[in-house]
Amino acid sequence: MNNFLKNVLATIVGIIIFVVVASAISVVGILGMAVSASSTPAVEDGSVLVLNFNGTLQERASDASPLSMLQGDGSSNPGLADMLTAIKKAKTSSKIKGIYIEANGMVSVLAQAQELRDALADFKKSGKWIMAFGEQFNTNDYYIASIADKIYINPQGGLEWQGLGTKLVFLKDLFKKVGINTMAFKCGKYKSATETFTEEKMSDPSREQAQRFLDGYWNTILTAVSESRKISKAELNRHADEMMTFESADALVKAKFFDGQMYNDEIRNAIKGKLGIDKDDDIPQASVADLCADTGDDAGDEVAVYYACGDIVNQEPSGNLYQNADYIVGNDMREDMERLAKDDDVKAVVIRVNSPGGSSYDSEQIWHAIEQLKKAHKPVVVSMGGYAASGGYYISCGADYIFAEPTTITGSIGIFGLLQDGAEMARKLGLKFDGVETNRNASMGMSAYGLMLSPLNQEQGARLQAAINRGYMLFKQRVADGRHLSMNDVEARAQGHVFLGEDALKLRLVDDLGGMDKAVAKAARLAKLKEYHTVDYPVRKDFMSKLMETDGNAKGTLLDEKLRQVLGQYYAPFMLMNQVQMMGRIQARLPYVIINN
């Protein structure tokens, strides 16, 4: 029996080692191919810039890991920043005659889609054309593509057009059945992140703000599509109510969503017609990478563009080897800000914030580091992406100037703490605990497997709530100082209330609406720069770097990925408790996980 177990364990270890080594070898091969492909040929005259809308739109381009390549999740796609750069260069390039968009269900948040659509609208001012085609358009895809001069659909294609909705998962009764009691401590009636664990339905404040940002999203989409496609908002709403999602391509063309139907070969011939070339000729194509490869010179002073994307955590989870998930690691960003402050070449800093928040402690440390950066006489401008809420707003509020997109989710000024007591579950399982202590509260918070072994008593609960209150007051003070508001004014905007960027502008929580281009230009003006260029920070870790740094928990990573696939929408609330462990007990976090398809 012992030999059998030894053989099984040896086999398991061998498999794990094989997977890691094979992955490393695969990566070396991938890197080799990338290097050989890096000598991008010059863009031909009469070329078309091709934008493929698939996978998940990230802020920055990322390398595909072997797992993501096998799964075909598109994680190696160019990021939003590269797409915007390519479109901007295409506008002025004499070699680019037009843009071709191929929509394949790209996952994006609306603020990203809005920035991309605005860039395409600016491109059209050059007099050049845009043509779009797709087989299955999701709502955001169509919102972006509707700016095109002509938009076509495959005869067997479809359009997701039924309005926007959200559903939250409530776990209170489930946890109660297994003997887990959740204790929530928070400041602000709108700070509803804890409700998934403590309530059976949405509270009125939570429902109010969720309805507001969904209505704001939908109105943005309706307004743009109505203007571009010459369809009234009333008609667009009627089509959504009737679930145009299930209509045929014929019906979609008849309703003026599309200009016609084409198969893939036919759309290629249509592009050739726009270029004035023969049907037997190849289409001169330019990719986003082709246009971004021409970096130009680095004349003038440097404006640093720092990407702060993802959850704010104390340390990056070990299970991030095979994923392209972003995290804002408090200590790492603090050190990066210190380096930028000391770098004499950097004259101004733009921080691109796309974060729902996270650790309250690390948000404060990042806020302090940004203040020190400003003391080094380097203007700091924040450009908000899809969301910059709670901790994401905390790290933004001290900037010299803040830009947001109209549909950016921001605000959520408030914090919470979340603890789970597993004493009843332990009792049901027949587990008992005993121990000794030197003082009456010495055992407070002792846990096993992430669950507290005993509930908090009244004194302990009061102490924790007092700590939450202090954190909330500090957060509000940072906002008051940064935004030049009184504490009363901040309180009226706080309590965890989530706002759209267009509402935040009216409330003076942001200074202007716009994207990265406006933010960079503003930073240059504040630094009084006549000529400048941008440099991106921090350097992204590729798969090989992550592999070399891993702590051997690759198995846990793969299991986590399977868990995500199995749980689907239930993954986020279940994993929030796990994330709380690495973020700290007190959280400044957005109450929603926002995904737009």
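The values are calculated or read from the model by the stated rules, or taken from the named source; none is laboratory data. Being a predicted model, the structure only gives us computed values, none of them experimental. For neighbour counting, all protein chains shown are included, and Cβ atoms are generated from backbone atoms with ideal geometry for every residue, glycine included. The accessibility values were calculated without ligands, DNA or RNA, using every heavy atom of the protein model including side chains. Shrake-Rupley method; radii C 1.70, N 1.55, O 1.52, S 1.80 Å.
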With DNA, RNA and ligands ignored, accessible area of Val253 (1.4 Å probe; Å², nearest 10): 40
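Filter the trypsin sites (Lys or Arg not before Pro) in segment 341-444 to those in DSSP coil with at most 15 other Cβ atoms within 10 Å of their Cβ, and list the result.
Values: sites: Lys342, Lys347, Arg352, Lys374, Lys375, Arg427, Lys428, Lys432, Arg440; in loops: Lys432, Arg440.
Counting only loop positions with at most 15 other Cβ atoms within 10 Å, the trypsin sites (Lys or Arg not before Pro) in segment 341-444 are Lys432, Arg440.
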About the Cα centre, charge dipole magnitude for segment 137-265 (Lys/Arg +1, Asp/Glu -1 at Cβ), debye: 620
Under the Karplus curve 6.51 cos²θ - 1.76 cosθ + 1.60, θ = phi - 60°, whole-Hz ³J(HN,Hα) for segment 274-289, x wherever Gly or Pro sits: 5, 7, x, 10, 5, 5, 7, 7, 7, 7, x, 10, 10, 8, 4, 5
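If you place +1 on the Cβ of every Lys and Arg and -1 on the Cβ of every Asp and Glu, how big does the dipole about the Cα centre of segment 193-293 come out, in debye to the nearest 20? Kindly include the intermediate steps, with their values, before the conclusion.
On the way: 13 positive and 20 negative charges, 81 e Å.
Taking the Cα centre of segment 193-293 as origin, the dipole is about 400 debye.
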Cα-based reach from Lys177 at 21 Å (exclusive), listing lysines while leaving out same-chain residues under 8 positions away: Lys201, Lys428, Lys432
Cα-Cα P(r), segment 90-178, percent of pairs per 10 Å interval: 15, 38, 24, 11, 7, 4, 1
Paramagnetic label zone (point 7 Å from Cα along Cα-to-C-beta, Val253; backbone N under 18 Å) in segment 123-145: 131-137
Rounded to the nearest 10 Å², the accessible area of Met516 at probe 1.4 Å: 20
Pairwise FRET efficiency - Asp536 versus Lys150, Cβ, R0 = 30 Å, nearest 0.05: 0.30
Low-density loop cleavage sites - chymotrypsin sites (Phe, Trp or Tyr not before Pro) in segment 434-518, where at most 16 other Cβ are within 10 Å (DSSP): Tyr449
Set of aspartates and glutamates near Lys128 by C-alpha distance (under 13 Å), chain-local residues within fewer than 8 positions excluded: Asp149
Dipole-positive endmost among Val490, Ala523, Asn439 within segment 404-548 (Cβ charges, Cα centre): Ala523
Accessible area of Asp173 in the full protein assembly, 1.4 Å probe (Å², nearest 10): 80
Label zone at Thr92, where the point sits 7 Å out along the Cα-to-Cβ direction: segment 110-145 residues whose backbone N lies under 13 Å: none
Loop sites in segment 157-233: trypsin sites (Lys or Arg not before Pro), DSSP, at most 16 other Cβ within 10 Å: Lys167, Lys189, Lys201, Lys230
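Provide the FRET efficiency to the nearest 0.05 for the Thr245-Arg207 pair, computing r from the beta carbons and using R0 = 22 Å.
Working: r = 25 Å, r/R0 = 1.13.
So, using R0 = 22 Å, E works out to roughly 0.30.
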